[in-house]
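Read the figures in this text as sums done on the coordinates, not as results from a lab. The model shown is predicted, which means the values in this text are computed figures rather than measured ones. Positions of Cβ are generated from backbone atoms using ideal geometry, with glycine treated the same way; all protein chains shown enter the neighbour counts.
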Amino acid sequence: MAVIFERHPMTKEDSKNFWTTTYPETIPIYIFSMNNSSIIKTKGLSYHYSKDVQTLFDINLNVERGSVYGFLGPNGSGKTTTLSLLLGLLNNQKGDIEIFGEHLHANRINILKKIGSLIETPSLYGHLTAKQNLQVYREVYGASKARIAEVLSIVGLEDTGKKTAKKFSLGMKQRLAIALALLPNPELLILDEPANGLDPAGIIELRELIKTLNKTHGMTILISSHLLTEVEKIVTHIGIIFRGKMLFQGTLPELHVFQQKGSRLLINTSDNETAMQLLQEYDPEREGQGFSVSLHDQKHIPAIQRKLIQHNLDVYLLQPKGNDLEQLFIDLTTAQ
């Protein structure tokens, strides 16, 4: 079944003011597919922190079982609010939340028993070792003593010995916090901005851990982040949220297809005015010292070059515009 998100149609003239206005529902864009293997489904999820401040607008989240779902958006876009609603940390005001095929409101305790989570700053005892920290929480989660050794091995902290948590690097603290979330052996792991503050080595360690949890331990993982370049390396599905509203949701290949549709070719010639007139069919736009044209297929580049040369124009630059996912994220979340 296809689900369609909607966005207000805009001209170049009014695009600068779009994100400060309300969100009328008109033109359908950004299609994603859904199936019946969803582990998380939300329908029409909306939230107000106060009467005049609406944080979420009609969020329809779909996280498939066995996936690594990257929930992306700039700070303040509504990621943490959404995850807090999924975990019952905030009271649901409007819309429906279904996890493991059950409604959260009616089955909250049973559902949460199968979820591990790390929301914002991890709660660790700095004067205790990694093992001692896990022992504090073991009975709360109903985990066995043997599970402590298992999760320490999974997160790579089995050899920390008597070293206390306050002496851990930030990356080690983050892995210990994830170990706490893994104690109940959850089917679903929810991580809110786990890479925040980590150095490159810590980010690599976290990335490998998430891959292991998903592929080796069969865990479904929902991870929020504003670091698209890192998330791209580990996720199977992506949802992009901005100012409380979903802009895109689908698989990583679907995002790549969408990305290619928005590709452009940077051009600079001896006479850019004439060149833009010649290339009207490619939707030319001024950009820097030159201009750019739409590029739906790399095969169009030789044809564009020939056309410019045939009209006695010197071509100084003919370069596909960097359209990696980071650029796409910027394009989706800013209407410039």
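Extension gain, Asn107 to Asp199: 0.36 nm times the residue separation minus the Cα-Cα distance gives 29.2 nm. Shown here for region 118-184: trypsin sites (Lys or Arg not before Pro) in loop regions (DSSP other than H, G, I, E, B) with at most 12 other Cβ atoms within 10 Å, namely Lys162. Each peptide in 99-106, 179-186, 283-290 gets a packing score, the mean of other Cβ atoms within 10 Å over its residues, and the list from highest to lowest is 179-186, 99-106, 283-290. Ignoring lysines fewer than eight residues from Lys41 along the same chain, the ones with Cα atoms less than 25 angstrom from its Cα are Lys79, Lys94, Lys113, Lys114, Lys211, Lys215, Lys233, Lys245.
With θ taken as phi - 60° and the Karplus curve 6.51 cos²θ - 1.76 cosθ + 1.60 applied, the whole-hertz 3J(HN,Hα) list for region 53-61 is 10, 9, 9, 10, 10, 6, 7, 10, 8 Hz, x standing for glycine and proline.
Order of Ser123, Ser38, Ser77, Ser50 from fewest to most other C-beta atoms within 10 Å?
Working: Ser123 11, Ser38 19, Ser77 23, Ser50 7.
By the 10 Å Cβ count, ascending, the order reads Ser50, Ser123, Ser38, Ser77.
Computed from backbone phi with θ = phi - 60° and the Karplus coefficients 6.51, -1.76 and 1.60, the 3J(HN,Hα) list for region 125-136 is 9, x, 8, 9, 6, 4, 5, 5, 4, 5, 5, 4 Hz; x is used for glycine and proline. Cβ crowding within 10 Å ranks Val257, Val231, Val136 as Val257, Val136, Val231, fewest other Cβ atoms first.
When peptides 54-64, 112-122, 189-199 are sorted by average Cβ neighbour count within 10 Å, with the highest value leading, the order is 54-64, 189-199, 112-122. Setting aside same-chain residues fewer than 8 positions from Lys307, which lysines have a Cα under 25 Å from its Cα? Lys307 reaches Lys261, Lys299, Lys321.
Shape of region 81-124 from its Cα gyration tensor (a ≥ b ≥ c, root eigenvalues): rounded if a/c is under 1.5, otherwise prolate when a/b > b/c, or oblate?
Judged from the Cα gyration tensor, region 81-124 comes out oblate (a/c at least 1.5, b/c at or above a/b).
Taking a point 7 Å out from the Cα of Asn185 in the direction of its Cβ, the residues of region 87-110 whose backbone N falls within less than 20 Å of it are 100, 110.
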